[in-house]
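Peer 1: Below you will find the structure I want to go over with you.
Just so it is clear, none of the values below were taken in a lab; they were calculated from the coordinates. Bear in mind the structure is a predicted one, so any value in this text is a computation, not a measurement. For neighbour counting, all protein chains shown are included, and Cβ atoms are generated from backbone atoms with ideal geometry for every residue, glycine included.
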Amino acid sequence: MNPGLALLVDDEEDLRRASAQALDLAGLKVRDLGSAERALELVGYGFNGIVITDIRMPGMDGMTLMGRIHELDADIPVILVTGHGDVQLAVRAMREGAYDFIEKPFAPNHLAETAARALDWRRLLLENRILRAAAGQRDDIEQRLIGRTNAMVDLRYRVRAAGPTDADVLIVGETGVGKEVTARALHDLGPRASKPFVAINCAALPATLMESELFGHEVGAFPGAVRARFGRFEHARGGTILLDEISAMPLDLQAKLLRVIQDRAVTRLGADEAQPLDVRFIATSKADLEAEVRAGRFRADLLYRLNVITLHVPPLSARREDVPLLFLHLVNEAAARYRRDLIEVPPAIIAAIAERDWPGNVRELRNAADRFALGLGLQFEDGRPTPAEAPTRLVDRVAEFERQVIASALMAHGGSLKPVYESLGISRKTLYEKMQRYALDKRIPGPMLDQD
């Protein structure tokens with residue numbers, strides 16, 4: 001495995017350069033960045049490296065950056081650099097998943113030693129993931145795009161097929177289903193995985209600033225343009241550009257975007273010469289773009305350019321069988337992120353989760369899992385009891401006993417199903433149905449918590 005990369009994030013240029021030099025002299029591969037947003041373009045699930053970030057920065061601070069990174073991969077080590085008054089904050093961050101913190105002023109060798117340890121830890125973790133995949137356990141895509149339903153099996157198949165290509169992709173699905181997760185999986189599977197992944201939220205950018213933000217500008221291009229500036233497109237050179245919620249882009253900019261996609265070149269505002277642009281485009285939309293075309297709000301030629309490959313990410317309502325499995329994983333993930341002990345989820349709660357509608361999809365389910373992992377219950381808003389209030393009934397105790405017996409039998413027989421159902425005196429079909437109900441896996445006995 002290649003030596004890992006240390007991303008060093010600090011808005012103070014002199015300190016950042018000095019720290020980068022110290023890491024470089026210690027033999028570590030380092031890249032220094034002036035903003036947290038730039039770091040997010042370079043990390044993802046499977047990122048071979050660590051992040052060292054100052055806590056106090058304008059815009060996105062170090063704590064927020066750590067949270068965003070751990071949403072992508074909870075096992076990426078984040079080292080926080082703190083001022084004297086931030087030590088208490090750093091201690092709280094350790095409880096929330098930081099790898100370590102370093103207080104200013106620090107000795108250069110202390111920074112280098114801490115970074116080296118974190119890089120070794122990350123390398124071992126990634127090697128372990130590879131070994132687990134080689135042993136027949138779930139690969140990275142199955143851990144990110146969880147589910148046993150046909151819709152999710154088909155989505156993973158298509159992601160694995162499209163990822164290694166350079167084709168532009170359109171990803172469609174409801175809010176919160178995991179469109180950006182799918183886009184990052186495509187990026188990580190492709191030849192551009194080591195290059196930037198630049199996510200642009202078209203719905204969040206003000207229309208008046210969108211053109212300058214995307215295309216960049218030259219000096220004097222408009223009042224206040226006192227120096228030239230690269231746009232987001234050029235920041236993604238060699239990598240992938242995610243156009244999130246592309247339907248929100250104004251029609252006049254859609255025409256300019258079409259030209260960029262066709263020519264793979266971008267012209268900054270106020271410039272006459274186009275700059276070559278080696279990128280892959282991925283777009284997402286919760287809106288039906290064909291309906292938007294018919295309504296005159298989206299260009300048909302842009303749609304045809306973007307949907308070389310179209311991936312549909314199903315809502316939870318279309319894969320209800322996956323909800324218990326997904327919730328169990330999210331609870332486990334939240335427990336790791338908040339440094340809590342592994343949490344056992346009673347069957348009654350799993351049943352309540354499975355019966356409930358989740359209009360906010362995975363995003364809403366993740367919030368519920370976070371609250372449960374923190375001991376706050378699920379906080380149902382429809383008058384039904386939360387897990388904290390739900391009575392312990394005999395049927396729940398019986399179900400929990402049954403789950404434990406089956407899990408023990410699976411472990412005793414190494415996951416082989418025939419001796420399990422024979423020893424328990426039930427049919428294979430009954431065993432399979434109970435494994436589904438209790439979210440048990442023949443390869444990893446106990447709740448299936450190893451998926452993402």
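Peer 1: Sum up the lysine pairs in the chain that clear both bars: alpha-carbon distance under 15 Å and a spacing of 8 or more or different chains.
Peer 2: 6
Peer 1: While we're on this one: Going by the alpha-carbon gyration tensor, a ≥ b ≥ c the square roots of its eigenvalues, is segment 272-311 rounded (a/c under 1.5) or, if a/c is not under 1.5, prolate (a/b greater than b/c) versus oblate?
Peer 2: Since a/c reaches 1.5 but b/c is at least a/b, the shape of segment 272-311 is classed as oblate.
Peer 1: Taking amide H positions as placed 1.01 Å from N in the peptide plane, with prolines and chain starts having none, which residues 5 or more places from Leu5, or on another chain, fall under 5 Å of its amide H?
Peer 2: Amide H neighbours of Leu5: Gly49, Ile50.
Peer 1: Which ordering of Asp322, Asp301, Asp370 is given by a fewest-first count of other beta-carbon atoms within 10 Å?
Peer 2: By the 10 Å Cβ count, ascending: Asp301, Asp370, Asp322.
Peer 1: With the dipole of the chain worked out from charges on the C-beta (+1 for Lys and Arg, -1 for Asp and Glu) around the Cα centre, which of Phe298, His329, Gly4 lies farthest toward the positive end?
Peer 2: His329
Peer 1: Also, I was wondering about something else. Output wanted: per-residue J couplings in Hz (rounded whole) for segment 347-364, from phi through Karplus 6.51 cos²θ - 1.76 cosθ + 1.60, θ = phi - 60°, x for Gly and Pro.
Peer 2: Values, residue by residue: x, 5, 6, 4, 5, 5, 5, 5, 7, 7, 7, 10, x, x, 6, 4, 4, 5 Hz.
Peer 1: Lys and Arg at +1, Asp and Glu at -1: add these up for the other residues within a Cβ distance under 14 Å of Ala318 and post the number.
Peer 2: -2
Peer 1: Now for a different question. Please give the charge dipole size of the chain, origin at the Cα centre, charges +1 on K and R Cβ atoms and -1 on D and E Cβ atoms. Round to the nearest 20 debye.
Peer 2: That gives a dipole near 1120 debye.
Peer 1: Another question, if that's okay. Can you find, among Ala193, Val266, Gly224, the residue farthest towards the positive end of the dipole of segment 191-308? Put +1 on the C-beta of Lys and Arg, -1 on that of Asp and Glu.
Peer 2: The listed residue farthest towards the positive side: Ala193.
Peer 1: Over all directions, how big on average is the projection of the convex hull of the alpha-carbon atoms in the chain, in square nanometres?
Peer 2: 25.2
Peer 1: Using alpha carbon centroids, what distance separates segment 150-204 and segment 19-38, in Å?
Peer 2: Spelled out, the Cα-based centre of one part sits 29 Å from the other.
Peer 1: According to the Cα gyration tensor, what semi-axes, each the square root of 5 times an eigenvalue, does the equivalent ellipsoid of segment 255-333 have, listed from largest to smallest in whole Å?
Peer 2: Output for segment 255-333: semi-axes of 36, 19, 10 Å.
Peer 1: Determine the equivalent ellipsoid of segment 5-134 by diagonalising the alpha-carbon gyration tensor, then write out the semi-axes as square roots of 5 times the eigenvalues, largest first, rounded to whole Å.
Peer 2: 22, 17, 14
Peer 1: On C-alpha positions alone, give me the angle between the axis of helix 323-337 and the longest principal axis of the chain, in degrees, nearest 10.
Peer 2: The answer is roughly 70 degrees.
Peer 1: On to the next question. Could you grab the Rg to Rh ratio for segment 142-314? Cα atoms only, Kirkwood for Rh.
Peer 2: Dividing the radius of gyration by the Kirkwood radius yields 0.99.
Peer 1: Give the order of Ser194, Ser247 when sorted by the count of other beta carbons within 10 angstrom, beginning with the fewest.
Peer 2: Fewest-to-most Cβ neighbours within 10 Å comes out as Ser194, Ser247.
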